[in-house]
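Novice: Structure provided below as structure tokens; questions to follow.
The values are calculated or read from the model by the stated rules, or taken from the named source; none is laboratory data. All values derive from a computational prediction rather than experimental measurement. Because the Cβ atoms are built from the backbone with ideal geometry, glycine has one as well, and the counts that use them run over all protein chains shown.
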Amino acid sequence: MVFALFSEEKMLKENYILLGKAGDKEIRLLPNMLNRHGLIAGASGTGKTVTLKVIEESLSQMGVSTFIADVKGDLSGMIQEGDLSAISGRLEKLGITDFEVRKFPVHFFDVYRKKGHPIRAIMEEFDSLLLARILELTDAQEGNLQIILKVAQDMNLDIIDLKDLQAMTNYVGEHASELSLKYGNVTKQSIGGIQRKLLQLEQQGATNLFGMPALSIHDLICTEGGLGMMNMLECQELFQHPLLYATFLLWLLNRIYQDLPEVGDVEKPKIVFFFDEAHLLFKDAPKALLDKIEQIVKLVRSKGVGVFFITQSPNDVPNSVLAQLSNRIQHALRAYTPTEIKAVKLAADSFRENPNLDTAERITNMKTGTALVSVLDEDGAPTIVEETMILPPMSSMQIADDTLVMQTIQHDSIYGKYEKDIDPESAFESMNAIKEQEEEEVRLAKEKIAQEKLAAAQAKEDAKRSKENDWTGRIAKKIRNRTETELINVGIRSAKKFLSGFFK
């Protein structure tokens, strides 16, 4: 970024990001305050995307990586130089006579693998709270899900992808009675509900999201040609499944927190996350999940990570989280209903007051590309709110051609690392082996029972035959004895006749 008075070299030396101007006054973002997080709010079409691009481009020039969820698909122009003629009018209003357009390095990611590198997570890295959120489980179903995960852990089985969790769920359902004795009540109704939800998740394309190789956080935090890498998640299709979109982003932020070392306050962040449509993170979220989000946002600061939530109204963000977003940029809001008017007042009251500015009035009447800005100064105190004309971006505001995007992906330094699925032995394969073993044990048990029955029948038959043989033998002996007796008697009678004849 080169200005007549505000050159890139001076910007980096003085360590600030020029966001825009309020009259002749520079409105600056301090990099060492970006881990205090921020909010970019405003109605659709008021300039939030431009503000996002300006901040990201300046961070890239400082060697800071960023992660962007591209919901509308209009950020791919980062890989192309901007059109100087298209922004000349704004540059003139800002009093900038020398401005350099340029392109930036981008890693494109896409869960559905159409417009970016595959991006995967290992399923067991999602705790039961996040999985229950994705699956929209009831409390009872979430309790059974915890049992499923615990059983897998105790059996030393890895749950890497969707089919692993489906296999474990089936196993727990089939062994509900015996597992209930050890882990607590396992109900067939809850298990059936989880199975249906897993099927729905599969139909949403989640088989692409879970698996290996999983995303390495270190591939996000890198530079190319001295510029911080912009990591862009293509979300047009993912956004059609809001819970999957929101929960995946929350998992990613949590993974960053777990993987990065403590660094405390730093001169500039390691990486800054920009979460578009941030209201989806909080909509209908249970208290336990809201507490988790609050905790992550609070603690990730010490890892040198900044987080910007992008949404329409500050009311979309819970107060406990909103209180941690110290750098605030508010574009115009439309207020026609009592609820909308109240939202405007709350947004106005969230700024440090400027006696020369009617904040609530300006929120509803600002032009596109203008925003109310209050950021942290060198002492960490919020500046008074200023109506600011935002700088134009250096890269193109047009959507990049699909051919150019694919060329960028194929020439990327990480191309080939994530493109091929790896399916190691995990719960699914182990469950198949266990099931085969159980079926073999059942078969052998049935064979043993059949053999025992056959042996018993044979023994009975042998006993019967033995009994019959004993009876036949006794009869034969009696007959034999009788015959012998009769023969003896006949012999005696014959002898008597012979002798009597002889002595006559």
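Novice: In this structure, is Thr364 over 34 Å from the mean Cα position of the chain (by Cα), over 12 Å from Ile40 (Cα atoms), assigned to a helix (DSSP H, G or I) and polar (S, T, N, Q)?
Specialist: Considered against the rule, which asks whether it is over 34 Å from the mean Cα position of the chain (by Cα), over 12 Å from Ile40 (Cα atoms), assigned to a helix (DSSP H, G or I) and polar (S, T, N, Q), Thr364 comes out as yes.
Novice: Here's a follow-up. I'm told Thr339 meets every condition in (1) surrounded by 16 or more Cβ atoms within 10 Å (Cβ to Cβ); (2) at pLDDT below 95 except one. Can you identify the failing condition by its number?
Specialist: (1)
Novice: Collect the residues in the stretch 110-135 that are outside any helix (DSSP H, G or I) and within 14 Å of the chain's Cα centre (by Cα), keeping them in residue-number order.
Specialist: Of everything in the stretch 110-135, those that are outside any helix (DSSP H, G or I) and within 14 Å of the chain's Cα centre (by Cα) turn out to be Asp110, Val111, Tyr112, Pro118, Ile119, Arg120, Ala121, Ile122, Phe126, Asp127.
Novice: Exactly one of these conditions fails for Gln204: (1) without any contact (Cβ under 8 Å) to a residue 24 or more places away in the chain; (2) in contact with a His (Cβ under 7 Å, 6 or more places away or on another chain); (3) not small (Gly, Ala, Ser). Give me its number.
Specialist: Against the list (1) without any contact (Cβ under 8 Å) to a residue 24 or more places away in the chain; (2) in contact with a His (Cβ under 7 Å, 6 or more places away or on another chain); (3) not small (Gly, Ala, Ser), Gln204 comes up short only on (1).
Novice: Of the residues Val375, Val405, only one is surrounded by 14 or more Cβ atoms within 10 Å (Cβ to Cβ), under 23 Å from Leu227 (Cα atoms) and either modelled with pLDDT of 95 or more or over 31 Å from the mean Cα position of the chain (by Cα) (or both); which?
Specialist: Just one listed residue meets the conditions, Val405.
Novice: Take the stretch 21-57 and flag every residue that is of a type in the set (Gly, Ala, Ser) and more than 14 Å from Asn327 (Cα to Cα).
Specialist: Once the filter is applied, which keeps residues that are of a type in the set (Gly, Ala, Ser) and more than 14 Å from Asn327 (Cα to Cα), the stretch 21-57 yields Ala22, Gly23, Gly42, Ala43, Ser44, Gly45, Gly47.
Novice: Just the residues that are part of a helix (DSSP H, G or I) and either surrounded by 17 or more Cβ atoms within 10 Å (Cβ to Cβ) or among the acidic types (Asp, Glu) (or both), please, taken from the stretch 136-145.
Specialist: Within the stretch 136-145, Asp139, Gln141, Glu142, Gly143, Asn144, Leu145 meet the criteria.
Novice: Right, here's the next one. Surrounded by fewer than 21 Cβ atoms within 10 Å (Cβ to Cβ) and either in a helix (DSSP H, G or I) or assigned by TED's automatic domain parsing to the domain that holds Asp284 (or both): is that true of Leu333 in this structure?
Specialist: For Leu333, the condition - surrounded by fewer than 21 Cβ atoms within 10 Å (Cβ to Cβ) and either in a helix (DSSP H, G or I) or assigned by TED's automatic domain parsing to the domain that holds Asp284 (or both) - is not met.
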